[in-house]
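Quick notes on the structure that follows.
The values are calculated or read from the model by the stated rules, or taken from the named source; none is laboratory data. Model, not experiment: these values are computed from the prediction. Because the Cβ atoms are built from the backbone with ideal geometry, glycine has one as well, and the counts that use them run over all protein chains shown. All accessible areas refer to the heavy atoms of the entire protein, side chains included, with ligands and DNA or RNA removed. Shrake-Rupley method; radii C 1.70, N 1.55, O 1.52, S 1.80 Å.
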Amino acid sequence: YRGEGQPFIAEYEVPVTKGLTILDGLIYIKENLDGSLSYRMSCRMGVCGSCGMFINGLPRLACHTQVEELNSRIIQVAPLPNFPTVKDLIPDLGPLFDKHKLVSPYIFRTDREEYDHPTREYRQGVEELEAYLQFSYCIKCGICLSACPTVATDEAFFGPPALAQAYRYIADTRDEGLNIRVEALDSQEGPWRCHFAGACSAACPKGVDPALGIQLLKKTIIGRRLGLGKLRPRATIVSPPEGVGPSPEVPKAPPPTVKRR
Ligand code: FES
């Protein structure tokens, strides 16, 4: 798609070498065969989230997908579904970030003075960190949103990235934004619209399990409705004793509920 007119398919032949990624192939095409081909990329190492594309029928990161692993001589690359297309392989990620903003994706504190001008540490134990760690690996690539069958039929649905990020902050013991997030989310287009297909978790290139985050979000909202009291402990603000550093224990992300492909 070139910004106007009908979408079309162009064919290119690319020499394959060991370790060649889809992104490498696109760079080869742009440099040698068609300078007008447009795609988005930056880090080339699965960190920036720029290169999400629909590759042989599944949403994936182009820089994180090797040609060899697809086991096919013909590779079809298209822009991410569930997003408007700007040009060629470039999706408009605006809908993702619009929904992301609605869930206040940051630590929300009521002690503004301490927050803005910190005097001490907000300390967390390993278990407290593990409660949200895997959700913090999200790189906002839009692949989970693209894989979601509910988003495909209802674009008003908040979608996996925003809901999982809402849970990421709600589960953080330093955060005090539970009420503002639940008020923003507890609607027909919020977590209740998720049918737990699990496609988001299967597609995530970073091993995040957004489907799990959404179910935990539902549980949190129900707990709040039932007035079950404090849903989690609060982080304590302490001044560490002289010479005491971070805990030597290494936190682990919890196991995923959905088998990865
Ligand atoms: Fe950054 Fe692929 S180029 S994730």
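Under conditions of 10 °C and 1.306 mPa s, segment 1-147 yields 89 µm² s⁻¹ as its translational diffusion coefficient, taking Rh as the Kirkwood radius over Cα pairs in the Stokes-Einstein equation. Approximating the spin labels as points 7 Å out from Cα along Cα→Cβ, the LEU20-to-ILE75 distance works out to 0.8 nm. Backbone phi angles across segment 88-93, fed through the Karplus curve with coefficients 6.51, -1.76 and 1.60 (θ = phi - 60°), yield HN-Hα couplings of 6, 9, 9, x, 8, 7 Hz in residue order; Gly and Pro are listed as x. The label point for ASP111 and the one for GLU127, both projected 7 Å from the Cα toward the Cβ, are 2.2 nm apart. Students often forget the sequence filter, so: which aspartates and glutamates lie under 17 Å Cα-Cα from LYS99 once same-chain residues fewer than 8 apart are removed? Output for LYS99: ASP154, GLU155, GLU183, ASP186, GLU189. Placing a pseudo-label 7 Å from each Cα along the Cα-to-Cβ vector at LYS101 and MET45 gives an inter-label distance of 3.1 nm. Per-peptide packing, taken as the mean over residues of other Cβ atoms within 10 Å, places 186-193, 139-146 in the sequence 139-146, 186-193 from highest down. The C-alpha radius of gyration of segment 65-197, expressed as a fraction of 2.2 N^0.38 Å, stands at 1.28. When the chain is described by a simple charge dipole with +1 on each Lys and Arg Cβ and -1 on each Asp and Glu Cβ, the residue from CYS200, LEU33, TYR106 located farthest towards its positive end is CYS200. Looking at segment 120-193, the accessible area is 38 square angstrom per residue; that uses a 1.4 Å probe and ignores ligands, DNA and RNA. Rolling a 1.4 Å probe over the protein heavy atoms of the chain, with every protein chain left in place, gives an accessible area that is 54 percent carbon and sulfur. Using 1/(1 + (r/R0)^6) with R0 = 41 angstrom and r between the beta carbons of GLN6 and GLU183, what's the FRET efficiency to the nearest 0.05? The pair GLN6/GLU183 has a calculated efficiency of 0.40.
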